[in-house]
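A short write-up of the structure that comes next.
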2 protein chains.
Amino acid sequence: MTTELDLVPAVSIRASSTVDIEDLIERFLAGDRLALAKALTRIERGGGESEQILERVHGRAGRAIRLGVTGPPGAGKSTVVSALIRQYREAGKTVGVVAVDPSSSFTGGALLGDRVRMQEFATDRGVFIRSMASRGRLGGLSGATLDATLLMDAFGLDIVFIETVGVGQSEIDVAEAVDTTLVVISPESGDGIQALKAGLMEVADLFVVNKCDREGADRLERELLLTQDILDDHSEKRQPEIVRTSAANGMGILELIEAIDRHQEFMQREGRLSRRRRENLARQLRAMLAERMERLFFGSSRMRSDFEEAVRLAEVREETLHRAVGRLVQNFLDRDSQDASS
Amino acid sequence: MTTELDLVPAVSIRASSTVDIEDLIERFLAGDRLALAKALTRIERGGGESEQILERVHGRAGRAIRLGVTGPPGAGKSTVVSALIRQYREAGKTVGVVAVDPSSSFTGGALLGDRVRMQEFATDRGVFIRSMASRGRLGGLSGATLDATLLMDAFGLDIVFIETVGVGQSEIDVAEAVDTTLVVISPESGDGIQALKAGLMEVADLFVVNKCDREGADRLERELLLTQDILDDHSEKRQPEIVRTSAANGMGILELIEAIDRHQEFMQREGRLSRRRRENLARQLRAMLAERMERLFFGSSRMRSDFEEAVRLAEVREETLHRAVGRLVQNFLDRDSQDASS
């Protein structure tokens, strides 16, 4: 895409952009909502500006409560989040939401739901909602999602939600970025426990049985209790509380907030919270390392052609991929020791 | 776990193991089912033996038709696969199934389903079913899953299914390992189209509307048609056919096989199949490279302690993770150019 900017000499762009960014950061630090919005857009774009912003504001982060909301599609995650936002706002707290959208071009439904919610809170200056494309190419939440959370935290929002949209691995990954993970399930969401199979049971700090006025809520809760007994206890994890809500009517939301508070208190004790945050940082750094190394690898035209050749050899079955890997890594390390910073 | 073997000196283990592997490979190449089973176990374990087996047999692969079966939980994926197996067996074809199990300790339901199916085909020497733990740590299907598929192919099975169990990213990844992807959905699986949101629409080569005798099948099919119109056309992808089945009664299975055949014919034309297989190989190699580099990185005690230090600095907000990444990669490449093969 060619924009007008492309025609301006690179140097002047960089100069004016540096000024812009400094100005943006100043306004961000002064609590300007528009600056947060613009900073989030730059974070999503990545690159130098994004790092410059993070560099300047990250020292302010760490005070927000980070809540993850996940669960099978149709369980009512957005409705639960909206109901929680209303309660938190009544209590005078400011709220941010990072809605993690699966990397899919088919997100009509998700975006629509978001738009409806954004409308409800559009005039509320204490609520900030942003959808982000979901996944890092190498798995896990995308770096941009985690950076956006950091940014909302640094902006001074009291509560920051990370909410997954639809199905996908991000449902589990979200737990790796927050202090408390709410798993929302309803009697109608797929086959109950079946829908929780892929790791969601293990990441739950709290179960929210939503649409609890529908048939099957009792059975669902019984199943949850049963499977909890079967699951191995992590020493660090508390048996998750089960809270019933009917979020569309605001039912059970106060109880849910109390349960969240109890979990936060539990995490505060014996250094659990800082331990979890440290683990989350390590996980994020690990993913960033892998992505950086991959970028370096494929940034080299020699490595790209070595790679293509290896694929060709595997295709005609002259060499296994396993054998190719060793050779490619060796070539990469030999070559790149001189110009790693490129 | 200490076994008797642990007490035998390492050298003699290696010697006898090499003999065993050679013997195993011979029997594999002679079509011995037990040898396939044992080879799969070694593939799952990974390491040198696994690579030795692949090295010797991979030249035989490439003839099987690889079918991916995915979709939301509860749609009846296993029932559809079982019904297809029965048909293929009647047509005299041999069949392998790699059931991809999400990396979760809570897989009671999935395994149970598998056992039931394994019982049905237990006495049929033309059917081979194996469950594999699902995911590579860096995303995508685990290397072992892909190697298992290769092995079944090389063994000479005519059809090899990769089938996902439960929810998770592997639902989408499976499409990256096969020639034809069947997305199974039922009027009962979650909120219909909602359940397909995370990329499943895009990867489908065929839609299987299962449990088509239940209420809502017409509506589901209409929704599928509608959303297909919305989705961008990939030039390489054909508009997926929609086939109705009631797999539990064997209804629609012949029609499904015909639709699979039509898709295979489509792929055979204009080099589409070899193009897809080449892309799949490239994707696999890319994942293997990332994993190998990560292993090298964390295999170094100096890099591990640099990494820990970076996490500590991020925790106390003295340095952003973005800044740490550059330094760590530089240190890694400087250091490891000498001993990359370690």
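The values are calculated or read from the model by the stated rules, or taken from the named source; none is laboratory data. These numbers were taken from a predicted model, which means no experiment stands behind them. Cβ: placed from backbone, ideal geometry, glycine included. Neighbour counts: every protein chain shown.
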Which one of B:ALA282, B:ALA287, B:ALA310, B:ALA248 is facing chain A (nearest Cβ under 7 Å), aliphatic (A, V, I, L, M) and either touching a residue at least 12 places away in the same chain (Cβ under 8 Å) or not in a helix (DSSP H, G or I) (or both)? B:ALA310
Could you look through region B:105-133, keep only residues that are assigned to a loop (DSSP other than H, G, I, E, B) and at pLDDT below 60, and pick out the one that is nearest to the other protein chains (Cβ to nearest Cβ)? B:PHE106
Could you check region B:8-26 and list, in sequence order, the residues that are exposed (fewer than 15 other Cβ atoms within 10 Å of the Cβ) and modelled with pLDDT of 90 or more? B:GLU22, B:ASP23, B:GLU26
Count - residues of region A:53-104 that are at pLDDT 90 or above and either among the polar types (S, T, N, Q) or farther than 26 Å from A:ARG277 by Cβ (or both): 7
Here is a check on your reading of the model: is B:PHE298 surrounded by 15 or more Cβ atoms within 10 Å (Cβ to Cβ), without any contact (Cβ under 8 Å) to a residue 40 or more places away in the chain, assigned to a helix (DSSP H, G or I) and facing chain A (nearest Cβ under 9 Å)? no
Quick one: in region B:211-240, of everything that is at pLDDT 80 or above and within 21 Å of B:ASP179 (Cα to Cα), which residue is surrounded by the fewest Cβ atoms within 10 Å (Cβ to Cβ)? B:GLN239
Flag if B:ARG276 is of a type in the set (Lys, Arg), crowded, with 17+ Cβ neighbours inside 10 Å and away from chain A (no Cβ under 11 Å): yes
Hey, A:HIS263 part of a helix (DSSP H, G or I) and either surrounded by fewer than 17 Cβ atoms within 10 Å (Cβ to Cβ) or out of contact with any helix residue (DSSP H, G or I) (no Cβ under 6 Å at 6 or more places or on another chain) (or both) or not: yes
Picked from region A:134-170 (must be among the hydrophobic types (A, V, I, L, M, F, W, C) and part of a helix (DSSP H, G or I)), the residue modelled with the lowest pLDDT is A:ALA144
Among the residues of region A:286-304, is there at least one that is under 22 Å from A:GLY46 (Cβ atoms), acidic (Asp, Glu), under 33 Å from the mean Cα position of the chain (by Cα) and at pLDDT below 90? yes
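One line per residue, one yes/no per condition, for (1) among the aromatic types (Phe, Trp, Tyr); (2) within 21 Å of A:GLY250 (Cβ to Cβ); (3) surrounded by fewer than 16 Cβ atoms within 10 Å (Cβ to Cβ):
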site: A:PHE28; (1), (2), (3): yes, no, no
site: A:GLY47; (1), (2), (3): no, no, yes
site: A:GLU51; (1), (2), (3): no, no, no
site: A:ARG56; (1), (2), (3): no, no, no
site: A:VAL69; (1), (2), (3): no, yes, no
site: A:VAL81; (1), (2), (3): no, yes, no
site: A:ARG89; (1), (2), (3): no, yes, no
Assess whether B:ARG45 counts as being closer than 20 Å to B:GLY126 by Cα, at pLDDT below 95 and among the basic types (Lys, Arg). no
